[in-house]
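Report on one structure; see the data block that follows.
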Amino acid sequence: LAKTTQPISMDSYEGQEVNITCSHNNIATNDYITWYQQFPSQGPRFIIQGYKTKVTNEVASLFIPADRKSSTLSLPRVSLSDTAVYYCLANAGNMLTFGGGTRLMVKP
Amino acid sequence: EAGVAQSPRYKIIEKRQSVAFWCNPISGHATLYWYQQILGQGPKLLIQFQNNGVVDDSQLPKDRFSAERLKGVDSTLKIQPAKLEDSAVYLCASSRPGGHEQETQYFGPGTRLLVL
């Protein structure tokens, strides 16, 4: 299972774009990169998943360079409600290994 | 569709007592997971079921923790006897059967356990 490294915390302001970068130097060929969001007193919630290049959904974008050793979650125009912990995972199949996550604080 | 249901939401017990948590996964989801999340850390997988069979329980402390999934639907996780370090949130998640597909896991709200 690939180990992921991401910043412990980040601060932002409402309306800004937030980019959270995750490194996964030993990612395996069959690993996907998955991001989850967790609010206090709730379970993690799936945000986005990708294998290479760029993936976009209604919530976020995920950028993965060709070497796949890192990935960047991009949250456009964050609001106060985006304050949460964001987890980056490199996983194959159903096995999820969570690291410590990035605690994002969005300020008014 | 209804989400993953868990009960109770909160539980306070004294050390050496026993406790049980219940999980009802999303209808049709064959795979069920139990995670332990200690304050300030990411969730750690304890056990994974595929229908009523155990797929992975390598991180389950089997001397005190047990889990079952009768009939391949609901599941219970039990701790007996509890220790102070078992204080955590216990999360249940479910997903459709995966093969090589990357199945999304849907998490319940968790049960917050405090052992005194």
Check: Each residue of region B:27-32 in turn: what ³J(HN,Hα) in whole Hz from Karplus with 6.51, -1.76, 1.60 and θ = phi - 60°, glycine and Pro shown as x?
Finding: 4, x, 7, 7, 9, 10
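Can you figure out the FRET efficiency of B:I38 with A:K54, using R₀ = 45 Å and their beta-carbon distance, to the nearest 0.05?
Values: r = 35 Å, r/R0 = 0.77.
For B:I38 and A:K54, the calculated efficiency is 0.85.
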Check: Which whole-number percentage describes the relative contact order of chain A, with Cα contacts under 8 Å and a sequence gap of 6 or more?
Finding: 37
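State the Kirkwood hydrodynamic radius of chain B in Å, one decimal place, computed from all pairs of distinct Cα atoms. Walk me through the numbers on the way to the answer.
Numbers: mean 1/r = 0.0706 Å⁻¹.
Roughly 14.2 Å, rounded to one decimal.
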Check: Carbon and sulfur atoms: what percent of the 1.4 Å accessible area of chain A do they account for?
Finding: 53
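Explain nothing, just the number: dipole magnitude of region B:54-98 about its Cα centre with +1 on each Lys and Arg Cβ and -1 on each Asp and Glu Cβ, in debye rounded to the nearest 20. The partial results should precede the final answer.
On the way: 7 positive and 7 negative charges, 30 e Å.
Value, rounded to 20: 140 debye.
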Check: What are the GluC sites (Glu not before Pro) within region B:1-92 that DSSP puts in a loop, where the Cβ has at most 13 other Cβ atoms within 10 Å?
Finding: B:E1, B:E14
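Carbon and sulfur: what percent of chain B's accessible surface (1.4 Å probe)? Don't jump to the answer; show the numbers that get you there.
Details: 2980 of 5880 Å².
For chain B, the apolar C and S fraction of the accessible surface comes to 51 percent.
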Note to self: In Å², and per residue, what accessible area does region A:9-107 have when probed at 1.4 Å with the other protein chains present?
What the structure shows: 47
Checklist line | Most mobile of B:Y106, B:Y35, B:Y90 in a GNM of chain B (Cα contacts under 10 Å) | finding: B:Y106
Check: Can you list the HN-Hα couplings for region A:71-87, worked out from phi with the Karplus curve (6.51, -1.76, 1.60; θ = phi - 60°), rounded to whole Hz and with x for Gly and Pro?
Finding: 8, 10, 8, 10, 10, x, 6, 5, 10, 4, 6, 8, 5, 5, 9, 10, 10
Next item on the list: Would you look at the GNM of chain A, springs on alpha carbons closer than 10 Å, and say which of A:Y36, A:Y86, A:Y13 moves the most?
Entry: A:Y13
Notebook entry, point to check: With each label point set 7 Å from Cα along the Cα-Cβ vector, what nm distance links B:L116 and A:Q42?
Noted result: 3.1
Next item on the list: For the protein assembly as shown, report the convex hull volume of the alpha-carbon atoms normalised per residue, in Å³, without decimals.
Entry: 124
Margin query: How many Å² of accessible surface get buried when B and A come together, counting both sides, probe radius 1.4 Å, rounded to the nearest 100?
Written below: 1500
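Which FRET efficiency value, to the nearest 0.05, is calculated for B:V54 and A:K69 with the Förster distance at 35 angstrom and r the Cβ-Cβ distance? The partial results should precede the final answer.
Details: r = 34 Å, r/R0 = 0.97.
According to the calculation, E is roughly 0.55.
The values are calculated or read from the model by the stated rules, or taken from the named source; none is laboratory data. Keep in mind that what you see is a predicted model, and the values were worked out from it rather than measured. Positions of Cβ are generated from backbone atoms using ideal geometry, with glycine treated the same way; all protein chains shown enter the neighbour counts. Ligands, DNA and RNA are stripped out before the accessible areas are found, and what is left, the full protein with its side chains, is counted by its heavy atoms. Shrake-Rupley method; radii C 1.70, N 1.55, O 1.52, S 1.80 Å.
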